[in-house]
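The values are calculated or read from the model by the stated rules, or taken from the named source; none is laboratory data. Note that the coordinates shown come from a computational prediction; the quantities given were computed from them, not determined experimentally. Here the Cβ positions follow ideal geometry from the backbone for every residue, glycine too, while neighbour counts run over all protein chains shown. For accessibility, only protein heavy atoms count, side chains too; no ligands or nucleic acids. Shrake-Rupley method; radii C 1.70, N 1.55, O 1.52, S 1.80 Å.
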Amino acid sequence: MRKSTLKFALIGILLIFAIAPVLILGVVGTFSVIGYSNDVRMNELSTVSQSKAGSVNTLMSDYVADATALSKMTTVVQNAQNNDGVAWDTINSFTENNADIYDTLIVDTNGNVLISSKNLETGSFEHFNADGMPVVSGLVSWEKYGFDAMYICREIYADPDNKTGGKLGYLCLVISPEADSTLMKAISGSFLEANGYFALIDSEGNMLNFNNDGSTKKSSEIDSALAAETQKMFDATPNVAGGNETSAPTQGKAGKYSYVCGIIPNVTTWRWIGLVDASTFSTFAFKTNIISWIAIVIMAVLASVVAMIVVGRFVGRMHDMLKTMGNINTDEGISGLRFNIKKGKSELEMIQASFNDFLDEVYINGERYKTIAELSDNMLFEWDFHKETMYVSDNTLQKFDLNTEGATLSNGKFLDSLMSAEDAEKYKRDINNLLKTQSGYSAEYQLKAKSGSTIWVSFRATCISDRLGEPLRVIGVMTDIDNVKKMELQLSERASYDFLSQLYNRSTFIRHLSSELDRRGPKKIGVMFIDVDDFKFINDRYGHTVGDEVIRFVADTIRKKVDDKGGLAGRFGGDEFVLCYTDQGDIANLEQIAMDIIDELYVGYTTAEGMLINVRASIGISYCPDHTEDVNDLISFADTAMYFVKKNGKTNYHVYVPEDSASGEYIDPEGY
């Protein structure tokens with residue numbers, strides 16, 4: 001495109017964009033004012049209606065609560081069982097003390113009225129439904145009362161507290177929504193310059209307080225468009241009796257009315273509705289729109305003039321800059337292309353020179369970054385949020401089987417694809433926390449290498465954000481620490497075991513036992529304290545080498561009693577051993593297991609020189625929680641029970657009883 005063509009095209013485009021907004025903003029502004037006025041009025045209607053709905057909700061809840069409490073009263077239950085009229089004083093007193101309750105009735109399960117506080121309703125209950133009575137009815141006509149009313153119905157059970165023993169019938173409250181009733185007073189009143197009011201509508205389209213006149217109206221007596229909208233109102237505000245209602249109020253139009261309606265909690269047959277004449281919403285500020293139109297036109301003309309001046313001066317240089325800038329970025333990064341600056345010191349040329357310097361610095365930094373990554377033993381990666389691209393250093397790809405195409409930080413296609421499920425979840429949580437806090441973090445993970453082996457890596461990452469706090473890049477460094485980590489684990493494991501017996505040492509055993517006690521829940525845990533009898537004699541007679549063999553023989557024997565069952569075995573030093581049992585089957589038979597250990601040790605073993613050594617042992621037993629829940633006391637009680645055996649003949653077992661602690665500490669004559 002030639003410079004003159006670009007110039008006239010830009011001028012034409014700018015003029016279009018200067019004039020078109022006048023029409024768009026004028027039209028949009030006009031309708032926005034109307035829409036804003038409608039929204040404000042609807043919000044006001046909704047706010048006032050929801051406020052009044054709160055009173056109705058409370059009142060309905062009180063009706064239901066009163067009926068529920070009355071249905072559980074002893075006289076009411078007895079009356080429903082025996083039809084003896086014993087509840088008449090109760091329901092009559094209740095009716096007289098509640099202005100909104102016109103009549104209170106007890107109805108049996110066949111719909112027969114057993115008793116009425118007004119003595120008006122006899123025979124069959126007019127609105128009985130054998131398939132199920134509603135908690136709150138809609139507005140219904142009563143032949144015997146001669147007016148329209150609603151009723152509250154609660155079931156009567158032989159055992160009302162547990163709702164068992166059989167359903168005996170129903171307790172019904174007839175609510176008379178007269179103009180001076182509490183219910184009608186709660187919903188009466190006008191708002192929105194007296195054009196709006198609040199009403200109740202049931203599922204048949206019958207209304208209380210239609211036209212704010214404090215009366216009850218059948219659906220045939222109200223506005224036909226409003227009556228036809230009833231089903232839509234109920235469908236838009238679902239409600240379930242006894243449920244956890246979360247339906248928000250809904251808005252709509254019905255004929256000349258705009259309305260907002262919502263639920264009454266636990267009342268499925270009624271909805272509250274706020275009504276207003278829709279013409280109330282049709283006004284808006286005409287003068288304001290005219291002034292806005294004039295201001296927009298003036299600004300458009302000024303913008304057009306300025307646009308033509310600016311385009312005329314800079315369109316040529318802009319053409320060259322756009323062409324150059326379009327070729328600077330490539331898939332590989334920043335190309336060697338730069339602005340061709342002519343001699344001169346215009347602002348545009350100064351911008352181009354500064355941009356060239358910036359591009360040169362970016363290019364050098366990029367090359368420096370790649371060189372450092374290639375020379376370093378550390379494995380590097382970088383995630384670019386804007387380009388959604390992942391850079392990974394070559395040494396990382398040499399060690400791990402990674403394909404960065406389509407990979408993000410934690411979508412299962414990057415490092416998390418090389419981890420176990422547990423490590424992958426931890427890694428994802430770490431990455432999410434990194435992006436949330438936008439600070440650095442470090443961790444250690446196990447990754448599957450190309451060789452198939454799993455290696456430990458040290459992982460460090462940091463998030464780089466722009467000045468607005470939006471993340472730009474995440475840069476990470478990984479270091480192979482497999483050898484160091486495995487050595488640490490080996491040293492840690494060795495430090496946990498007794499060298500001679502290869503059982504847990506004292507501190508490790510107590511730590512693991514404490515953990516078992518913390519997570520046992522309702523389960524029992526058993527502890528055995530084992531001491532070799534006459535071990536000093538074995539050492540003195542056969543030598544310490546045989547004594548060491550005895551220790552290993554005892555360790556091997558007792559280890560088999562807890563292997564693969566979740567138990568623990570440890571050596572506390574010398575000839576003292578401790579076992580922890582968590583298997584509930586073993587704990588139930590712990591005394592038999594103790595005898596098995598004693599018998600197996602006594603069978604003995606043959607030394608390298610051919611000597612048979614029969615090993616005797618004394619065993620003490622304690623239980624958690626039977627004896628204690630404290631780890632030190634649990635071991636101490638088992639030790640005390642073992643001392644009891646020592647004092648009473650040795651080579652046996654004993655279950656701890658509190659009297660053992662009061663019998664004095666046992667002193668081993670062998671000095672062990």
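Looking at the stretch 499-555, the accessible area is 49 square angstrom per residue; that uses a 1.4 Å probe and ignores ligands, DNA and RNA.
The phi-based Karplus calculation (6.51 cos²θ - 1.76 cosθ + 1.60; θ = phi - 60°) puts the 3J(HN,Hα) values of the stretch 452-467 at x, 7, 9, 10, 8, 10, 8, 10, 10, 8, 9, 10, 9, 10, 7, 5 Hz, whole numbers, x for Gly and Pro. Across the cross-link table entries Lys399/Lys436; Lys72/Lys167; Lys144/Lys218; Lys536/Lys560; Lys413/Lys485; Lys232/Lys256, which are compared at the Cα atoms, the separations over 22 Å belong to Lys399/Lys436; Lys536/Lys560; Lys413/Lys485. The packing ranking of peptides 103-109, 208-214, 514-520, 166-172, highest mean first, is 103-109, 166-172, 208-214, 514-520, where packing means the average number of other beta carbon atoms within 10 angstrom of each residue. Simple rule: put +1 on each Lys or Arg Cβ and -1 on each Asp or Glu Cβ in the stretch 131-242, find the dipole, and look at Pro134, Thr237, Thr216; the Cα lying farthest toward the positive end is Pro134. The distance between label points at Arg520 and Glu143 comes to 7.4 nm (points 7 Å beyond Cα on the Cα→Cβ vector). Whole-Hz Karplus values for the stretch 251-256 come out as 10, x, 10, 9, x, 7 Hz, taken residue by residue from phi with 6.51 cos²θ - 1.76 cosθ + 1.60 and θ = phi - 60°; glycine and proline positions read x. Taking the stretch 537-560 and a reference point 7 angstrom along Cα→Cβ of Glu609, the backbone N atoms nearer than 17 Å belong to 537-551. With the convex hull drawn around the C-alpha atoms of the stretch 72-196, the volume per residue stands at 129 Å³. Length available on full extension from Arg506 to Ser420: 0.36 nm per residue minus the Cα-Cα distance, which gives 27.7 nm. Highest average first, the peptides 261-267, 589-595 ordered by how many other beta carbon atoms sit within 10 Å of their residues are 261-267, 589-595. Stretching Ile16 away from Lys218 to a fully extended chain increases their span by 66.8 nm, per 0.36 nm per residue minus the current alpha-carbon distance.
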